[in-house]
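J.: Pasting in a structure now, in structure tokens, and then I'll have a few things to ask.
The values are calculated or read from the model by the stated rules, or taken from the named source; none is laboratory data. Everything quoted here is computed from the prediction, not taken from an experiment. Methodologically, a virtual Cβ is constructed for each residue, glycine included, from the backbone with ideal geometry; neighbour enumeration extends over all protein chains shown. Surface areas here come from the heavy atoms of the whole protein model, side chains and all, with no ligands, DNA or RNA. Shrake-Rupley method; radii C 1.70, N 1.55, O 1.52, S 1.80 Å.
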Amino acid sequence: MEARFSPINQILPWCRQDLAISISKAINTQEAPVKEKHARRIILGTHHEKGAFTFWSYAIGLPLPSSSILSWKFCHVLHKVLRDGHPNVLHDCQRYRSNIREIGDLWGHLHDRYGQLVNVYTKLLLTKISFHLKHPQFPAGLEVTDEVLEKAAGTDVNNIFQLTVEMFDYMDCELKLSESVFRQLNTAIAVSQMSTGQCRLAPLIQVIQDCSHLYHYTVKLLFKLHSCLPADTLQGHRDRFHEQFHSLRNFFRRASDMLYFKRLIQIPRLPEGPPNFLRASALAEHIKPVVVIPEEAPEDEEPENLIEISMGPPVGEPVVVADLFDQTFGPPNGSVKDDRTSVPRDLRIESLKREVEMLRSELEKIKLEAQRYISQLKSQVNALEGELEEQRKQKQKALVDNEQLRHELAQLRAAQLEGERSQGLREEAERKASATEARYNKLKEKHSELVHVHAELLRKNADTAKQLTVTQQSQEEVARVKEQLAFQVEQVKRESELKLEEQSDQLEKLKRELEAKAGELAHVQEALSHTQQSKSELSSRLDTLSAEKDALSGAVRQREADLLAAQTLVRETEAALNREQQRSSREQGELQSQLAEKESQEQGLRQRLLDEQFAVLQGAAAEAAGILQDAVSKLDDPLHLRCTSSPDYLVSRAQEALDAVSALEEGHAQYLTSLADASTLVAALTRFSHLAADTIVNGGATSHLAPTDPADRLIDTCRECGARALELMGQLQDRQALRHVQASLLRTPLQGILQLGQELKPKSLDVRQEELGAMVDKEMATTSAAIEDAVRRIEDMMNQARHASSGVKLEVNERILNSCTDLMKAIRLLVMTSTSLQKEIVESGRGAATQQEFYAKNSRWTEGLISASKAVGWGATQLVEAADKVVLHMGKYEELIVCSHEIAASTAQLVAASKVKADKHSPHLSRLQECSRTVNERAANVVASTKSGQEQIEDRDTMDFSGLSLIKLKKQEMETQVRVLELEKTLEAERMRLGELRKQHYVLAGASGSPGEEAASQPSAAPRSVTTKKPPLAQKPSMAPRQDHQLDKKDGIYPAQLVNY
């Protein structure tokens, strides 16, 4: 029993009772802001019990659905508890999300001012709880360092993108609450010094604190996103941030102007405009907005009794507190006065009061010390942030300067290369400009004339079709009226015949009845003559019969009158029918005359349509003849001798021209079936003329690189094709010969061109498409191995040269071998980069196909890559052999120079083969081009080292003419002149031989094998074969070499220089 009446069982713990009192005082129905002392005690209670269990146990019992002000103040206190309470409060609030959502939905459906605010506030609280549970790195107060922000964002762009979107949603909820509060203040014309306005404005202090941090974090994350993603992808993020920036700036400006906020919070000012995320250096200009809460003066208040001492309610305290406490926990066990428990209770109360006073004093000391530490730390943080911002500015400035210097250097290099390139091309461009411009003007005039003619023909065709449609409609209308009149005539005839038949039937019926009565009368008279004895009896019957006879006679007369009336009606009906027939025949004649007129008009329109369609066909055939005639004239044009084409492209053009012949035959057959529609034939004719002209022009261009006999046969076949095509165009322009056109005659010359193109293709070993992928990897590996072997051999030669030679020769040999070593290293790096770019091309272009299928699909490009790789490996081997001969004094310096030129051309071919399918923004492509420039520089160094070494060695052999007489000098001079002439003749012969060799080399290797041609023509169905001979040199995409008789000094070159690169 004593344990039952102990002080522990009589009262609850003082902290929970104090928390209950603070909750009841903070959350009430008075339209006034929540006092800070009550909110502070609630927050301290959450830290004391390390959670919000007690808070929610009291909050659930509050009548929130009964008062919108009570719900508004509950949301305000919950926001404060979430921000400043114990971290476990967040998890406790997660369990009551449904209660918060129900309160918001309830007040959202009601037309109450505070109710609408409660609906918006609950959405903000739910968003806040979800965000901080998903991202535990961010406390509910949202105050973290930049390092924690970087760690939370991570390095994955998707995570940064998603985090930025969630912060945008968080900021939208905060700004929506502030806008709703200000909107109600404007509507109610409330000021910030009134309690009603302060009740609405008080929660905006927490909103300002949250928004300042969210703004800073979104700026940081957006700058980080712009450093990883293109600007177009983030356009939506920038638009959303700009909208939030202007809303937040207006919110801060309006709040700063209110007296209520000036004594409670120091609101930062945002800049005039949002940050420029497209400029990376703008991050250094960003200043973090800092919200400062000034220290509050201690409020004058009387100490409250934690435990109720007297039996009645204390003065000035609402009775609802005790009622709420009693409802929640029930009446205390020791409510009945008992002398046994009164003394210990008083002692306990006094001891608790002393403890409370002591704890308050300690708490004040702790607060003062904490505030001092906080001020010191804030000053240190501000100083460190200032230093950090200064360093960031310097870093950004240095980065910007570095980028500018790099950009300027790249521009200078590009300008230098462009100047060197343009200086050589300027003269040639000026010569070609006048001829090209004149030809372009002619083509432009011809094109405008064709466009005008085509538009005029289209307009005529449209008018003809419209007139034909109107004629057909009028014809159909006449036929419909004619059918209606015929139907009406037939109906009137049927009605007249029915009435006539009905009258005839009635007349026949009356005649039969009259005959029957007459027969009866005769029978009666006969019976009367035979029965005289019954005369008296029959007299009365006779009277009756006489009466009946009179009645029947009257009926007969009536029937005859009816019959006469019916006959009169029939005659009138027949007369009306005759009049109607006459009118119908007259109208039918008029309609027939109109129909004949319409048919004559239609016939004229049809004939006009046929004439216009034939005129369109004639115009198209004439234009096609002009195109074909122009193509045939190109075969004899001297300017066309500079144009070249590949057999593969010629084959593709000839095949398409053959397909166009089939379409032309179908169009011709369709036109003969329906002469009113020539569109199909005109379209097929236009396509055929262009394809045939293209085939003829490319046939002539292909013959310029072909041997003499095939070239002559190809030219003759092209001429035959042009002649037959022109003959066909002439037949299409003649009405008499149009039905006898045979387009199939064009197949023979086109098939001949196709066959000659197939014969002119390079002859090489056949390789299956499935083996191309493995061959590429094998050739690249072989090239890398050849280069590695070349580097080792050059190092061995350098060691041997150091032991075998000395002095000037050793210096020359070392210089040459060092330049060769540098060249090999540059080539090795270029091959490695080309391999990486090749893998990138295959991965990006093959899609769902395998690597072998990709190589087989792009066989032309693959073969070009194989050829280029072979050329690089072969060039490296030849360079090493030439260097070895030069070092051993067994070779010539010129061989080394030629090998350098050859290997530079081979690497250029490899770069071109790799570049044709690469993305222009690929980093591997940029590195490959840089490696190509390095190879050219190293090759130039090899040539320079070789020439300088040659000059250095040959300078030692000085000429001594001191012992020669005048006659001997003259004799040696003549011998030297003879030698010079012999050497010049030999040089000219060798240059001509070199030109023929290269021309034959182009024919064997295939001029169309360059990688750049794959973009212009489709790959052939059969795979191209790969040769095992020496790979082709880097081919210039210029015109074919001209013959010797076509060269003169106007070209700026001599015939012997034609084969030089």
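J.: Set the Förster radius R0 to 41 Å, insert the Cβ-Cβ distance between T708 and R608 as r into 1/(1 + (r/R0)^6), and round the FRET efficiency to 0.05.
T.: 0.15
J.: Okay, next question. May I ask you to work out the translational diffusion coefficient for the stretch 607-760 at 25 °C, viscosity 0.890 mPa s, via Stokes-Einstein with Rh from the Kirkwood sum over Cα pairs, reported in whole µm²/s? Can you show the working numbers first?
T.: Values: Rh = 15.7 Å.
Answer, rounded: 157 µm²/s.
J.: A further question on this structure: Quick one: net charge around K73, please, counting Lys, Arg +1 and Asp, Glu -1 for every other residue with C-beta under 12 Å from its C-beta.
T.: Working: positive: K25, K35, K80, R200; negative: E31.
So the environment of K73 carries a net charge of +3.
J.: Please compute the per residue accessible area over the stretch 142-291 with all protein chains in place, 1.4 Å probe, rounded to a whole number of Å².
T.: Numbers: 6770 Å² over 150 residues.
For the stretch 142-291, the solvent-accessible area averages 45 Å² per residue.
J.: Based on alpha-carbon centroids, what's the gap between the stretch 119-170 and the stretch 400-477 in Å, whole number please?
T.: Each part's Cα centre sits 55 Å from the other's.
J.: Separate question: Debye calculation, C-alpha points only, no solvent: report log10 I(q)/I(0) for the stretch 8-135 at q = 0.20 Å⁻¹, in the same order as the q values.
T.: Debye intensities relative to I(0), on a log10 scale: -1.15.
J.: Still on this structure: From the cross-link list K176/K224; K73/K220; K432/K985; K37/K365, which pairs have alpha carbons spaced over 25 Å apart?
T.: Working: K176/K224 27 Å; K73/K220 34 Å; K432/K985 34 Å; K37/K365 17 Å.
K176/K224; K73/K220; K432/K985, as the Cα separations exceed 25 Å there.
J.: How long are the semi-axes of the equivalent ellipsoid of the stretch 371-432, defined as square roots of 5 times the Cα gyration tensor eigenvalues? Whole Å, largest first. Don't jump to the answer; show the numbers that get you there.
T.: Details: eigenvalues 678, 11, 3 Å².
Each semi-axis is the square root of five times an eigenvalue, giving 58, 7, 4 Å.
J.: Moving on. Provide, as a two-decimal number, the C-alpha radius of gyration of the stretch 338-492 over 2.2 N^0.38 Å, N being how many residues it has. It would help to have the intermediate numbers written out before the result.
T.: On the way: Rg = 51.1 Å, N = 155, 2.2 N^0.38 = 15.0 Å.
The stretch 338-492 yields a ratio of 3.42.
J.: Using a 1.4 angstrom probe on heavy atoms only, work out the carbon and sulfur share of the accessible area of the stretch 8-135 in %. Provide the component values of the computation, followed by the final result.
T.: Values: 2950 of 5340 Å².
For the stretch 8-135, the apolar C and S fraction of the accessible surface comes to 55 percent.
J.: Could you tell me the convex hull volume per residue, in Å³, taken over the Cα atoms of the stretch 142-291? Kindly include the intermediate steps, with their values, before the conclusion.
T.: Values: hull volume 15.9 nm³, N = 150.
Here the figure is 106 Å³ per residue.
J.: Rounded to whole Hz and in sequence order, give me ³J(HN,Hα) for the stretch 225-234 from the Karplus expression 6.51 cos²θ - 1.76 cosθ + 1.60, θ = phi - 60°, writing x for Gly and Pro.
T.: Per residue, the Karplus-derived 3J(HN,Hα) values read 5, 5, 7, 10, 10, x, 5, 5, 5, 9 Hz.
J.: So what are the ³J(HN,Hα) numbers for the stretch 204-217, from phi and the Karplus equation (6.51, -1.76, 1.60; θ = phi - 60°), rounded to whole Hz, Gly and Pro as x?
T.: Computed from phi, the couplings for the stretch 204-217 are 5, 5, 5, 5, 4, 4, 5, 5, 4, 6, 4, 4, 5, 5 Hz.
J.: Going by accessible area, probe 1.4 Å, with all protein chains left in place, what is the ranking of K517, K985, K509, largest first? Each step should come with its number before you reach the end.
T.: Details: K517 85, K985 150, K509 115 Å².
Highest to lowest solvent-accessible surface, that is K985, K509, K517.
J.: When the Kirkwood radius is taken over all Cα pairs of the stretch 423-502, what Stokes-Einstein diffusion coefficient follows at 37 °C and 0.692 mPa s, in µm²/s?
T.: On the way: Rh = 19.5 Å.
Answer from the Stokes-Einstein relation: 168 µm²/s.
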